[in-house]
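Chemist: My structure is below; once you've seen it, I'll send some questions.
The values are calculated or read from the model by the stated rules, or taken from the named source; none is laboratory data. In this text, all values refer to a predicted model and were calculated from it rather than measured experimentally. Counting neighbours? That spans all protein chains shown, and the Cβs are built from the backbone with ideal geometry, glycine included.
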Amino acid sequence: MPATRPLPGPLALAFVAVLVGGAFAGLLAEAASDPSGAAGAFDAYLGRIVRFTLWQAALSTLLSVAPAILVARALSRHPSFPGRSLILGLFAVPLGLPAIVAALGVLALWGRAGLFAPLMAWLSGGDWPGIYGLAGILVAHVFFNLPLAARLLLEALEAVPLDHWRLSAQLGMGARASFRLIEWPAMRAALPGVAALVFMLCVTSFTIVLMLGGGPAATTLEVAIYQALRFDFDPARAVALTLVQVALTVAAVAAMARLGASPTGEASLALAPRRYDRPSPAGTALDAVLIAAAVLFVAGPMAATVVAGLEADLGRLATEARVRDAAATSLLLAAAAATLSAALSLALVAMRRRLETARSSSRAGLLARLLEWAAGNGALFVLVVPPTVIGAGWFILLLPAGMVFAAAPVMVVAVNAVMAMPFAVRAIRPAHDAAAARHDRLAAQLGIAGWARLRLIDWPVLRRPLFTALAFAMALSLGDLGVIALFGSESVRTLPYLLMERMGSYRTQDAAGLALMLGALCLALMAAANRLGRERA
Amino acid sequence: MRNLAIPVLSAAILALALPVQAADKLTIYTYDSFTAEWGPGPIVEKAFEAECGCEVDFVSVADGVALLNRLRLEGDRSPADIVLGLDNNLTWEAAQTGLFAPHGVSLDKVAIPGGWSDATFLPYDYGYFAVVYDADKVASPPASLKDLVEGDPSAKIAIQDPRTSTPGLGLLLWVKAVYGDKAADAWAGLKRRVLTVTPGWSEAYGLLTSGEAPMVLSYSTSPAYHRIAEKVDRYKAAEFSEGHYLQVEVAGVTRKGAGNPLSAKFMAFMVSPAFQDAVPETQWMFPAAPTSKPLDPVFGEMIRPEKPLEIPSEEVAKNRKAWIDEWLSVMSR
């Protein structure tokens, strides 16, 4: 019976709830002495930045996800061509890059003095002022999120059972039919989740928005939250603004889920056979163009990062004790965060699935429905609680216990793990749910459960998505800087931290070299995940 | 029960042992770039530990503002003896916390433009905000803030956001100090030349060195880094006739630290040559007190603004929000 192993899911939920709840509790305790800031947060300024935040996030999501559908489909239609796994690895690198590196990469191409500046000046018939403003923000957000969305949608496509493809070939479905009947339903099921994830990442964008937005007309809520925790340290205001951000995101994501609601009976294939059709040369060419365009778009700013990085004294950097320590710290913290993240995500995915199945077989109470929702979505909204808020809240909470110093690495791991969960869940859920649909009944009939089931049935299917989730979570954690502003940095000097430190003291070339190392590390992680995921168990 | 006893016991022993050590330990709160390997932290730590036969424990947070926030949160519980890294715009607010004690050091040797008389906060370095430009791209740099405000809109400058960054707030105060009630008009003029507004100093300075922005708001001594460490001559600071806004970096002794004899020793040490010698080529700022030997001649070639500008930190604290709102309304138009 599905309700016999309920522990990991609720534990995972509790972990997330404690992490966020604790932060709020800390800030609220501090805010209690002066709660006036909360009311003061609701002014005309807030109205303006809310509009801008939602507008840029919606546009960024549309521009990232729509092309990603085509790119994912193209990649899925050509499961083996030279360089494919390199491309997939490349697509994960932006995740691991600090925003400032990506912004400088984008500007190296599209800036006022960028590579394309002469071309743009010629096209516009005047001086090219650089891509500052909404356009700059969108380009940078698409750079980060198109590859992410493409990878996650590809993950959904690869969860389609082989039988379906075989059947489609036997039935002689053409490109259009297999898109309509197989690819689109598979992607559509994943689409609301992927779009929500991209939307959340864009809502919380900070450095990109300020740096490429060209001025304070481009301000997101995240900036206002940071502002509230800075010059006028005002926890009440920060909490109020964070709640606004969470509420708006929940509303937007709910609207998106409605728009993209997955149709029932999506994978039913009892349909009239079509004429047998090979992938046409034109189709293949189109796919090639699509993939090439996406790769160029993503690789451009990365190439700029590589060029800048190669000018650094990489030999010296690589032998510096400080750099090695930071690299080791980064890898250790990221590995811990990624493992925790994948475990939490798997627990939640399994819990949601179990509750969903239970719901369809009996009438579920309100509590069960709420839990199902929380397991499916609730935890994901953690992404829009700024790490600075979580860091500050927990700092306040841990202060009386005198545990601030020891807690810094734990905080980094916990926050990174939870922040990576939306990615990990997206990677794991399609394969998990598809496998559960196919195997649950059989496993129950054969009496295979627990460890045996995990080893014999789930692991072979989940292996690839789990490694993808791990690699994504690690890449994300590698690039993170956010939580420790107040904690003190002695025990958590990571690579991006070192990068910012060097950048902050004129050592721009060192910083470029470190950015290159970070990128290379992400690529290596993706390659490793790919290899480990593919090996036979 | 058994397996609990050992950790509990060892924790108790540790707790007992700690105060014994603490007698010879000085805890200094500071910011990250102070304790970075090329920062003054390692040099200062070594020199002072040799002098006092004690242990210096640095705790470093992101920057001066984070430092003040951490202290506010910790209040009386703070283990800090000394807080090093606040600046002249934050001293009033820091003093308002009631957590600081007088530093008790003679100010005879302290030389800050415009003088220094604060009994709570002791300076260790200073510098001026300045527009740093790429001489390969800017043939005729602005000679005044007025030039900057009214000049050719196609010659761009990258500035920092006063909501999130200390230099960004510095420029805001600079414009306020020069233009007063007309500051909004000045910003409307300057806006045409602003390439972009970055969240922090690093991003803006990166735009200068990557060639994207020909001018950036930074410090008058920034070119010294390029001259001395990189042997590069192309970055220069523009001298403005109205004067330059001054940044003074200071340290203070906490009330808790006043009970630790090492605190007074360190404060005296801070304005001695052993500390001050490390300042110029690690902080890339001017020393606040005499050094044992003359500075690298490159520092002599840095602009030395005749008129230091400053707004009292109390006025800054009380008007910051209104001034930032004024800035926002002009810059968001």
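Chemist: Among what's in the stretch B:287-303 and is surrounded by fewer than 20 Cβ atoms within 10 Å (Cβ to Cβ) and farther than 19 Å from B:Pro223 by Cα, pick the residue that is nearest to the other protein chains (Cβ to nearest Cβ).
Modeler: If we take residues in the stretch B:287-303 being surrounded by fewer than 20 Cβ atoms within 10 Å (Cβ to Cβ) and farther than 19 Å from B:Pro223 by Cα, then B:Thr291 is nearest to the other protein chains (Cβ to nearest Cβ).
Chemist: Restricted to the stretch B:87-108, and to residues that are more than 13 Å from chain A (Cβ to nearest Cβ) and part of a strand (DSSP E or B), which residue is nearest to A:Ile396 (Cα to Cα)?
Modeler: Restricting to residues being more than 13 Å from chain A (Cβ to nearest Cβ) and part of a strand (DSSP E or B), the top hit is B:Phe100.
Chemist: Moving on to the next point. Would you mind finding the one in A:Gly309, A:Gly265, A:Gly260 that is at positive phi and either more than 20 Å from the chain's Cα centre (by Cα) or modelled with pLDDT under 90 (or both)? So that I can check it myself, show each step before the final result.
Modeler: Working: A:Gly309 fails: at positive phi; A:Gly260 fails: at positive phi.
A:Gly265 is the lone residue from the list that is at positive phi and either more than 20 Å from the chain's Cα centre (by Cα) or modelled with pLDDT under 90 (or both).
Chemist: Taking helices (runs of 4 or more DSSP H) that fall entirely within the stretch A:148-217, which contain at least 3 residues that are within 14 Å of chain B (Cβ to nearest Cβ)? Let's see the steps before the verdict.
Modeler: Details: elements: A:162-170, A:175-178, A:184-203, A:207-213.
Per the criteria, A:207-213.
Chemist: Just to verify a result, which residue in the stretch B:92-140, among those that are in contact with a helix residue (DSSP H, G or I) (Cβ under 7 Å, 6 or more places away or on another chain) and under 30 Å from B:Thr209 (Cα atoms), is surrounded by the most Cβ atoms within 10 Å (Cβ to Cβ)?
Modeler: B:Tyr124
Chemist: Pick from the stretch B:141-165 the residues that are part of a loop (DSSP other than H, G, I, E, B), without any contact (Cβ under 8 Å) to a residue 60 or more places away in the chain and more than 25 Å from the chain's Cα centre (by Cα): which of them is surrounded by the most Cβ atoms within 10 Å (Cβ to Cβ)?
Modeler: B:Lys156
Chemist: Identify the single condition in (1) closer than 18 Å to B:Gly39 by Cβ; (2) more than 17 Å from the chain's Cα centre (by Cα); (3) in a helix (DSSP H, G or I) that B:Val298 does not satisfy, given that it satisfies every other one.
Modeler: (1)
Chemist: Quick one: in the stretch B:195-237, of everything that is more than 15 Å from the chain's Cα centre (by Cα), surrounded by 21 or more Cβ atoms within 10 Å (Cβ to Cβ) and of a type in the set (Gly, Ala, Ser), which residue is nearest to B:Met270 (Cα to Cα)?
Modeler: B:Ala224
Chemist: Which condition does B:Ala158 not pass, out of (1) out of contact with any His (no Cβ under 7 Å at 6 or more places or on another chain); (2) at pLDDT 95 or above; (3) more than 12 Å from chain A (Cβ to nearest Cβ), if it passes all the others?
Modeler: (3)
Chemist: Only residues in the stretch A:354-365 that are among the basic types (Lys, Arg) count as the first member; pair them with residues that are modelled with pLDDT of 75 or more, Cβ under 8 angstrom, at least 6 apart or cross-chain, and list the lot.
Modeler: What qualifies is A:Arg354/A:Gly9; A:Arg359/A:Ala368; A:Arg359/A:Arg369; A:Arg359/A:Glu372.
Chemist: So, one more: Among the candidates A:Met474, A:Met517, single out the residue that is of a type outside the set (D, E, K, R), within 30 Å of B:Ser222 (Cβ to Cβ), in contact (Cβ under 8 Å) with a residue 12 or more places away in the chain and in a helix (DSSP H, G or I). Give the derivation first.
Modeler: Details: A:Met474 fails: within 30 Å of B:Ser222 (Cβ to Cβ).
Among A:Met474, A:Met517, only A:Met517 is of a type outside the set (D, E, K, R), within 30 Å of B:Ser222 (Cβ to Cβ), in contact (Cβ under 8 Å) with a residue 12 or more places away in the chain and in a helix (DSSP H, G or I).
Chemist: Here are some residues: A:Leu367, A:Leu344. Which one is in a helix (DSSP H, G or I), at pLDDT below 90, out of contact with any strand residue (DSSP E or B) (no Cβ under 8 Å at 6 or more places or on another chain) and of a type in the set (A, V, I, L, M, F, W, C)?
Modeler: None of the other options fit; the residue is A:Leu367.
Chemist: Say we look at the stretch A:59-75 and pick out the residues that are surrounded by fewer than 21 Cβ atoms within 10 Å (Cβ to Cβ) and touching a residue at least 60 places away in the same chain (Cβ under 8 Å); which of these is farthest from A:Asp287 (Cα to Cα)?
Modeler: Narrowing the stretch A:59-75 to residues surrounded by fewer than 21 Cβ atoms within 10 Å (Cβ to Cβ): A:59, A:62-63, A:66-67, A:69-70.
Now restrict to residues that are touching a residue at least 60 places away in the same chain (Cβ under 8 Å): A:59, A:63, A:67, A:69-70.
On the way: A:Leu59: 25, A:Leu63: 18, A:Pro67: 12, A:Ile69: 12, A:Leu70: 8 Å.
My answer is A:Leu59.
Chemist: Which condition from (1) assigned to a helix (DSSP H, G or I); (2) more than 14 Å from chain A (Cβ to nearest Cβ) is the one that B:Ala224 breaks?
Modeler: Looking at each condition in turn, B:Ala224 falls short on (2).
Chemist: Residue check: is A:Val142 more than 15 Å from the chain's Cα centre (by Cα), in a helix (DSSP H, G or I), surrounded by 19 or more Cβ atoms within 10 Å (Cβ to Cβ) and away from chain B (no Cβ under 14 Å)?
Modeler: On the way: more than 15 Å from the chain's Cα centre (by Cα): no; in a helix (DSSP H, G or I): yes; surrounded by 19 or more Cβ atoms within 10 Å (Cβ to Cβ): yes; away from chain B (no Cβ under 14 Å): yes.
Judged against the criteria, A:Val142 is not a match.
Chemist: Residues that are out of contact with any His (no Cβ under 7 Å at 6 or more places or on another chain) and β-branched (Val, Ile, Thr): which helices (runs of 4 or more DSSP H) entirely in the stretch A:1-111 hold 3 or more of them?
Modeler: Details: elements: A:8-31, A:36-40, A:44-77, A:84-90, A:93-96, A:99-110.
Because the criterion is at least 3 residues that are out of contact with any His (no Cβ under 7 Å at 6 or more places or on another chain) and β-branched (Val, Ile, Thr), the helices (runs of 4 or more DSSP H) in the stretch A:1-111 that meet it are A:8-31, A:44-77, A:99-110.
Chemist: Of the residues in the stretch B:64-78, how many are facing chain A (nearest Cβ under 9 Å), touching a residue at least 40 places away in the same chain (Cβ under 8 Å) and either acidic (Asp, Glu) or within 18 Å of B:Arg255 (Cβ to Cβ) (or both)?
Modeler: 1
Chemist: Where residues in the stretch B:31-49 are without any contact (Cβ under 8 Å) to a residue 24 or more places away in the chain and in contact with a strand residue (DSSP E or B) (Cβ under 7 Å, 6 or more places away or on another chain), which of them is surrounded by the most Cβ atoms within 10 Å (Cβ to Cβ)?
Modeler: The qualifying residue surrounded by the most Cβ atoms within 10 Å (Cβ to Cβ) is B:Gly41.
Chemist: State yes or no: is A:Pro465 buried (at least 20 other Cβ atoms within 10 Å of the Cβ), in contact (Cβ under 8 Å) with a residue 12 or more places away in the chain and not aromatic (Phe, Trp, Tyr)? Break it down into steps so the answer makes sense when it comes.
Modeler: Working: buried (at least 20 other Cβ atoms within 10 Å of the Cβ): yes; in contact (Cβ under 8 Å) with a residue 12 or more places away in the chain: yes; not aromatic (Phe, Trp, Tyr): yes.
In short, yes.
Chemist: Residue under question is A:Asp287, and the condition is that it be of a type in the set (Asp, Glu) and at pLDDT 90 or above; does it hold? It would help to see each step written out before you state the result.
Modeler: Working: of a type in the set (Asp, Glu): yes; at pLDDT 90 or above: yes.
Criteria met by A:Asp287.
Chemist: Name, by its number, the condition in (1) more than 14 Å from the chain's Cα centre (by Cα); (2) at pLDDT 85 or above that does not hold for A:Pro422.
Modeler: Result: A:Pro422 passes all but (1).
Chemist: Any residue at all in the stretch A:439-447 that's of a type in the set (D, E, K, R) and touching a residue at least 12 places away in the same chain (Cβ under 8 Å)?
Modeler: To start, the set of residues in the stretch A:439-447 that are of a type in the set (D, E, K, R) comprises A:440-441.
Retained after the next criterion (residues that are touching a residue at least 12 places away in the same chain (Cβ under 8 Å)): A:440.
Yes, the conditions are met somewhere in the stretch A:439-447.
Chemist: Output the residues belonging to the stretch B:304-318 that are farther than 30 Å from B:Ala224 by Cα and within 12 Å of chain A (Cβ to nearest Cβ). So that I can check it myself, show each step before the final result.
Modeler: So the first thing to find is which residues in the stretch B:304-318 are farther than 30 Å from B:Ala224 by Cα, and the list is B:314-315, B:317-318.
Hits for the stretch B:304-318 are B:Ala317, B:Lys318.
Chemist: Working carefully through the options A:Gln509, A:Gln445, find the one that is of a type outside the set (Gly, Ala, Ser), surrounded by fewer than 24 Cβ atoms within 10 Å (Cβ to Cβ) and within 14 Å of chain B (Cβ to nearest Cβ).
Modeler: Values: A:Gln445 fails: within 14 Å of chain B (Cβ to nearest Cβ).
None of the others qualify; the one that does is A:Gln509.
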